[in-house]
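S.K.: Sharing a structure here in structure tokens format.
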Amino acid sequence: MTTAISGPLPDGSAHCLVADPDPDVRQALLCLLKAQGFCCQEAACGRDALDQLGNGTDLPLLVADIRLPDLDGFELLAEVRRRSPDTAVVLLSRAADSATAVECLHYGAADILLKPVSIRELRARVVRALEKRALFLQNRYYQEYLEQRIHAQASRIQEIFLQGVQMLARALEAKDSYTSGHSIRVSHYAVATARQLGFEGLDLQQIRLGGELHDIGKVGTRESLLLKPGTLTPDEVGQIREHPALGEQMLAPLAHQSPAVLRCVRSHHERVDGTGFPDRLGGSDIPIEARIIAVADSFDAMTTHRPYRAPYSVGDALAELRRVSGSQLDAKVVLAFDAVYTEVAPLVPVMS
Ligand SMILES: [Fe+2]
């Protein structure tokens with residue numbers, strides 16, 4: 001009974017299969033390869049060799065005569081390639097078979113040696129064949145896994161960046177008791193609305209993040225301006241209106257993996273009638289994610305306390321959303337928000 005081969009062994013040695021019809025040659029080869037540290041098995045014919053090879057195995061080295069009693073070199077190579085594609089096959093040939101031997105090199109043999117085999121030559125060729133195999137495997141490893149590793153590292157870098165930005169957003173809101181929790185509420189309102197509109201998966205995740213970060217550009221706005229209770233001068237209004245573009249610049253590292261987040265940040269103050277900022281986009285030119293954030297942002301702004309006014313009741317805020325639907329806000333988005341507002345109403349700050 002034969003046992004299918006796999007390698008390398010737990011003790012670090014590697015498997016090798018020697019296939020030769022001549023018992024004396026076979027024993028000489030086995031002695032040499034065992035001295036090289038291989039754990040060897042032997043076969044006197046092609047079928048026996050293939051039986052020992054098994055299927056889907058990873059035999060490092062096969063040393064075989066090019067003319068086995070039942071299989072020629074081409075048949076053996078084809079079958080070894082199918083069962084164990086990474087095996088280095090070193091063929092032993094006679095001078096009369098040199099043309100066939102060269103053909104076998106084209107069919108994937110690692111090397112050819114002429115019989116009678118010199119021990120020194122066999123040792124050198126086996127080392128070379130295994131080096132070639134190791135390089136091939138290493139090359140494939142890099143091809144298959146390097147891109148995956150780079151992607152994983154890029155995701156981790158983005159995750160760390162996001163954590164920093166989210167902490168910054170919290171710190172920004174903490175400065176102003178009136179806006180505390182604003183971004184998180186906007187994010188919840190926007191996600192509920194987006195889900196109602198059919199968003200899901202990663203698209204929904206980007207809207208969640210876009211809601212959390214939509215006002216991040218305000219870190220570049222003077223605190224005294226953000227907290228000013230009275231009417232703003234035109235110059236001050238201009239300064240505040242810089243926050244969407246500034247926020248987009250800050251979050252530029254998200255451009256590749258989360259472009260919708262940038263759209264939320266840049267365009268959440270656009271109006272469907274084209275009079276918003278910073279780009280005066282109108283209607284469907286405004287990214288849908290930003291139109292969703294705009295509704296959520298407006299609702300939260302109305303239902304929270306401000307230094308200059310009391311908060312709207314939920315009913316009054318919804319009425320106001322409907323009033324500006326189609327001029328300031330996207331009508332379809334307002335309808336979606338209307339449909340889910342009972343779901344998000346518990347998040348509305350309680351009036352004191
Ligand atoms: Fe804003």
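S.K.: Within the group P287, P253, which residue is farther than 14 Å from Q205 by Cα and in contact (Cβ under 8 Å) with a residue 60 or more places away in the chain?
M.R.: Unique residue meeting the criteria: P253.
S.K.: Report, by residue number, each residue of region 215-270 that is outside any helix (DSSP H, G or I), within 13 Å of the ligand (Cβ to nearest atom) and under 20 Å from I286 (Cα atoms). If you could, list the steps in order and put the result at the bottom.
M.R.: Residues of region 215-270 outside any helix (DSSP H, G or I): 215, 221-222, 227-233, 241-242, 251, 255-258, 268-270.
When the remaining residues are screened for being within 13 Å of the ligand (Cβ to nearest atom), the result is 215, 221, 241-242, 268-270.
Listed by number, the residues that qualify are D215, R241, E242, H268, H269, E270.
S.K.: Could you identify the single residue in A88, A78 that is surrounded by fewer than 22 Cβ atoms within 10 Å (Cβ to Cβ) and under 43 Å from the mean Cα position of the chain (by Cα)?
M.R.: Criteria check complete, one pass: A78.
S.K.: Limited to region 20-39, what total is found for residues that are crowded, with 19+ Cβ neighbours inside 10 Å, within 45 Å of the chain's Cα centre (by Cα) and not in a helix (DSSP H, G or I)?
M.R.: Total satisfying the criteria: 1.
S.K.: Condition (residue is within 14 Å of the ligand (Cβ to nearest atom), surrounded by fewer than 21 Cβ atoms within 10 Å (Cβ to Cβ), of a type in the set (A, V, I, L, M, F, W, C) and within 23 Å of Q239 (Cα to Cα)) applied to region 280-298: is it met by at least one residue?
M.R.: no
S.K.: Determine which member of the set L137, L146, L202 is away from the ligand (no atom under 16 Å from the Cβ), closer than 30 Å to L68 by Cα, out of contact with any strand residue (DSSP E or B) (no Cβ under 9 Å at 6 or more places or on another chain) and of a type outside the set (G, A, S).
M.R.: Residue meeting the stated conditions: L137.
S.K.: Please pick out the residue among A152, A129, A134, A169 that is in contact with a helix residue (DSSP H, G or I) (Cβ under 7 Å, 6 or more places away or on another chain), aliphatic (A, V, I, L, M) and not assigned by TED's automatic domain parsing to the domain that holds H269.
M.R.: A169
The values are calculated or read from the model by the stated rules, or taken from the named source; none is laboratory data. As the structure is a prediction and not an experimental result, all values here were calculated from the model. For neighbour counting, all protein chains shown are included, and Cβ atoms are generated from backbone atoms with ideal geometry for every residue, glycine included.
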